[in-house]
Amino acid sequence: MVCLGNICRSPLAEGIMQHLADKQGLNWEIDSAGTGDWHVGQGPDRRSVRTAGEHGIDISRQICRLFRRSDFDEFDHILAMDRSNLSNILAMARNANDANKVSLLLVDQIVPDPYHDDRQFEPVFNLIEEGCHAFIDRYK
Ligand code: 4NP
């Protein structure tokens, strides 16, 4: 799960996907990363932690890190929150195999950055949850 800062959207996406996959008994390993390095080493934004907590998901122990090329080797799917994240990740792909792992979490929709608007965290949670349900239905 990749967004820009790895403090708002992708930590939610990691927590939600892991929660839903675990609930279905899927042995999936989910992680998240950002394409920007401002918050590396920090925990998620407190608004994301609170929103996830209200839905029974604890994301408080996640630590922000940068997306790295080795993620193409470590993971089968790399899901971007918006088109800017998508193109930043694709710019790091070494070959077509890397590039083929990359897509938007939502098929034809972006997950907007909620960083500057507290009210967007709940709708962003719901959008990500919708995308995770669809992904699990497709790949489980
Ligand atoms: P995120 O939100 O990409 O959903 O984690 C952002 C968080 C921080 C910044 C940008 C986006 N920032 O510029 O610090």
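What follows draws every value from the coordinates through simple rules; no lab data is involved. This is a predicted model, so every value here is computed, not measured. Note that we place each Cβ from the backbone using ideal geometry, even for glycine, and neighbour counts take in every protein chain shown.
Some notes on this structure:
- Basic side chains Lys and Arg get +1 at the Cβ, acidic Asp and Glu get -1 at the Cβ, and with that the dipole of the chain about its Cα centre reaches some 180 debye.
- In the chain, a dipole from Cβ-located charges (positive for Lys and Arg, negative for Asp and Glu) runs towards its positive end, and of Ile30, Phe121, Gly43 it is Gly43 whose Cα lies farthest in that direction.
- Highest-fluctuation residue, Gly25, Gly43, Gly15 considered, GNM on the chain with Cα pairs under 10 Å: Gly25
- Charge tally in the Cβ shell below 12 Å around Trp28, where Lys, Arg are +1 and Asp, Glu are -1, Trp28 excluded: -3
- Computed over the chain, the percent of Cα pairs more than 21 Å apart is 35.
- Between Asp31 and Arg46, the simple spin-label model (points 7 angstrom out along Cα→Cβ) gives 2.9 nm.
- Using a cutoff of 8 angstrom between alpha carbon atoms and counting only pairs six or more residues apart, the relative contact order for the range 5-95 works out to 32 percent.
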